[in-house]
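Okay, so here's the structure we're looking at.
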Amino acid sequence: IQDKNALHLYSVNGKHLGSETLKEEVSDMCVTGEYIVMGSLQGFLSIRDLYSLSLSISPLAMRLPIHCISVTKEYSHILVGLEDGKLIIVGVGKPAEV
């Protein structure tokens, strides 16, 4: 049997609202505003809509397993900690704003 990874969305009252099958194994995630920011052991950074669970942008390849993720207070940058100890800072927004 193949193990499948999935993301499930529940209401505050415990009602199942939806789910999405994932190709990667999630190593860390954080919910910020209306988005879910996820990192995987396969080295992909994904941003999903909190309510539909669909990808907001195509996943960004970090080439190494992601160990931790954090988003700044102003939602301007995503901090990504990689397996080799590097910290990658990803700007959020339009290129002119970053």
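The values are calculated or read from the model by the stated rules, or taken from the named source; none is laboratory data. Given the structure is predicted, the values throughout are model-derived calculations rather than measurements. Neighbour counts run over all protein chains shown; Cβ positions are idealised from the backbone, glycine included. Ligands, DNA and RNA are stripped out before the accessible areas are found, and what is left, the full protein with its side chains, is counted by its heavy atoms. Shrake-Rupley method; radii C 1.70, N 1.55, O 1.52, S 1.80 Å.
Pairing each residue of region 60-74 that is closer than 16 Å to residue 86 by Cα and free of Cβ contacts under 8 Å to residues at least 24 places away in the same chain with any residue that is open to solvent by 60 Å² or more (accessible area, probe 1.4 Å) and in a strand (DSSP E or B), provided the two are 6+ apart or on different chains, yields C-beta distances under 8 Å for 61/44. Against the conditions (1) under 18 Å from residue 68 (Cβ atoms); (2) in contact with a His (Cβ under 8 Å, 6 or more places away or on another chain); (3) not aromatic (Phe, Trp, Tyr), residue 43 satisfies every one except (2). Could you tell me whether residue 47 is open to solvent by less than 50 Å² (accessible area, probe 1.4 Å) and in contact (Cβ under 8 Å) with a residue 40 or more places away in the chain? No.
Any idea which residue in region 12-39 is modelled with the lowest pLDDT, counting only those that are over 16 Å from residue 89 (Cα atoms) and of a type in the set (Gly, Ala, Ser)? Once the filter is applied, the top-ranked residue is 33.
Restricting attention to region 72-87, which residues are open to solvent by 30 Å² or more (accessible area, probe 1.4 Å), under 14 Å from the mean Cα position of the chain (by Cα) and hydrophobic (A, V, I, L, M, F, W, C)? 79, the sole residue that qualifies.
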